[in-house]
Amino acid sequence: TETAITGTAGAISLSQLRAGDVVTVTMDAQSRAILIRAQTTGQPAAQVRIASITHNAQRPLRSGETLTVTMQGTPGGQATFDIFGVAQGISMTEISPGIYRGVYTVRPNDSVLSGAVFGHLRVGAQDAVVAQAENFVSIDARAPAITGRIPQPNSVINNQRPNILVLFEDEGGSGVNPSNSVLVVN
């Protein structure tokens, strides 16, 4: 349908215009009145939504490694992602219509065990419902810290077969890898 809008007394307001509507602006040469005609589709604006969000982490990530996040949703928007407990508002680029991709490089001391990845999408003034990736991500850029040793360093003991104990803390980490651990007894 064609609707004439004349100033503020028009049949529809500009807020009722939607993507796909055709708007024609003309000016009457004699009266110098501006006439706006909108051919509306009669359909409501499309809902902004995120269809999916995924990432490429298959194991705990270390300092300097990258996490790539891909999100599929409404095209033409601005997208970001968060790694719960690590970083927020990481920018994503629309690499093809409706496909957004962003990369995060793990920093020293980043650490999260089974952290959620959340995607955000905004098209115009409308936000999509926040989406969460199905798989969690673990980031372990902080080395375990030794918190205690028995016997103490440089101590003298009388037992020829002492028990040796090493205590460590790996808060939020992925644990100690036994194949990369060495205990030297002098």
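The values are calculated or read from the model by the stated rules, or taken from the named source; none is laboratory data. Keep in mind the model is a prediction, meaning the values are calculated, not measured. Cβ: placed from backbone, ideal geometry, glycine included. Neighbour counts: every protein chain shown. Accessible surface is based on the protein model in full, side chains and every heavy atom, while ligands, DNA and RNA are left aside. Shrake-Rupley method; radii C 1.70, N 1.55, O 1.52, S 1.80 Å.
Before I look further, what does the range 110-154 give for accessible area per residue, probe 1.4 Å, in whole square angstrom?
59 Å²
Please list 3J(HN,Hα) in residue order for the range 127-141, calculated via the Karplus relation 6.51 cos²θ - 1.76 cosθ + 1.60 where θ = phi - 60°; whole Hz, with x for glycine and proline.
Each residue's phi maps through the Karplus curve to give 9, 7, 5, 4, 10, 10, 5, 5, 9, 7, 10, 10, 10, 9, 9 Hz.
If you count, for each residue, the other Cβ atoms within 10 Å and average over each peptide, how do 104-114, 149-159 line up from highest to lowest?
Going by the mean number of other Cβ atoms within 10 Å, highest first, we get 104-114, 149-159.
How much of the accessible area of the range 80-126, probe 1.4 Å, is carbon plus sulfur, in whole percent?
After summing per-atom areas, the C and S share lands at 55 percent.
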